[in-house]
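Participant: A single structure is presented below for examination.
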Amino acid sequence: MIKYPAKVDTKGDKYKGPILFNPGGPGGSGVGLISNLGPIFQTVVGNEFDIIGFDPRGVGHTTPVVDVFPFPLERESYALRYLDAPLINQTSTALSEVMSRAKLLNQLIGDRANLAAQYINTAVVCTDMLSIVKAHGQEKLQYWGFSYGSVLGNS
């Protein structure tokens, strides 16, 4: 987890609490996002907020990291298939292609990382997010997510 701190006294009336950020993916690092863009986000939302990036379980700086592609060539080969894939509504077969890839990835996770993967899911990450907020003395989650991160924020 990384925090770009508010520029006001966190005990004062002007402090508005933390905002958690997630870049989505799934698999994106919130730590990497805020280490690169924390000051920009604070400019957008205001100096009264702590800007917090976290890595969901299995991602980035967490342990264990779930890596179903232990060999770089295998990972790159799988990633290249996504570059050639049509958008979901671009062709009559695109949706079934996306679903097939998702099923394949799910099977790979089950085969290669099942013990860790059972503790890495949306519900667990949502609970972790609430724990971060409570550790900052707040009850209400303030959140900004991108891509899958927006789904996570609505969960």
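Participant: Given a 1.4 Å probe and heavy atoms of the protein chains only, how would you sort Thr93, Thr122, Thr43, largest accessible area at the top? Don't skip to the answer; put the middle values down first.
Facilitator: Working: Thr93 70, Thr122 45, Thr43 115 Å².
Of Thr93, Thr122, Thr43, the descending order of accessible area is Thr43, Thr93, Thr122.
Participant: Give the accessible area for Thr10 in Å² (nearest 10); use a 1.4 Å probe, count only protein heavy atoms, and leave out ligands, DNA and RNA.
Facilitator: Accessible area, nearest 10 Å²: 70 Å².
Participant: Taking K and R as +1 and D and E as -1, what net charge do the other residues with C-beta under 12 Å from the C-beta of Val31 add up to?
Facilitator: Neighbourhood net charge equals 0.
Participant: Could you sort His61, His136 by their accessible area in this structure, using a 1.4 Å probe and putting the largest first?
Facilitator: These residues rank, largest area first, as His61, His136.
Participant: What does the helix-only formula give at 222 nm for the chain: each DSSP H stretch with n ≥ 4 adding -39500 (n - 2.57), the total divided by the residues, and the result rounded to the nearest 500 deg cm²/dmol?
Facilitator: Value at 222 nm, helices only, nearest 500: -15500 deg cm²/dmol.
Participant: Give the residue list of trypsin sites (Lys or Arg not before Pro) in segment 52-155 that are DSSP loop and have at most 10 other beta-carbon atoms within 10 angstrom.
Facilitator: Qualifying residues, ordered by number: Lys140.
Participant: Quick one: net charge around Gly58, please, counting Lys, Arg +1 and Asp, Glu -1 for every other residue with C-beta under 13 Å from its C-beta.
Facilitator: Within the 13 Å Cβ shell, the charges total -1.
Participant: Can I ask one more? How long are the semi-axes of the equivalent ellipsoid of the chain, defined as square roots of 5 times the Cα gyration tensor eigenvalues? Whole Å, largest first.
Facilitator: Equivalent-ellipsoid dimensions as semi-axes: 33, 17, 14 Å.
Participant: Then there's this: Taking all protein chains as present, what is the carbon and sulfur share of the accessible area of the chain, in % to the nearest whole number, probe 1.4 Å? Mind showing how you got there, number by number?
Facilitator: Numbers: 5650 of 9790 Å².
Ligands and nucleic acids excluded, carbon and sulfur reach 58 percent.
The values are calculated or read from the model by the stated rules, or taken from the named source; none is laboratory data. Keep in mind it's a predicted model, so treat the numbers as computed, not measured. Cβ coordinates were reconstructed from backbone atoms using ideal geometry, including for glycine residues, and neighbour counts include every protein chain displayed. All accessible areas refer to the heavy atoms of the entire protein, side chains included, with ligands and DNA or RNA removed. Shrake-Rupley method; radii C 1.70, N 1.55, O 1.52, S 1.80 Å.
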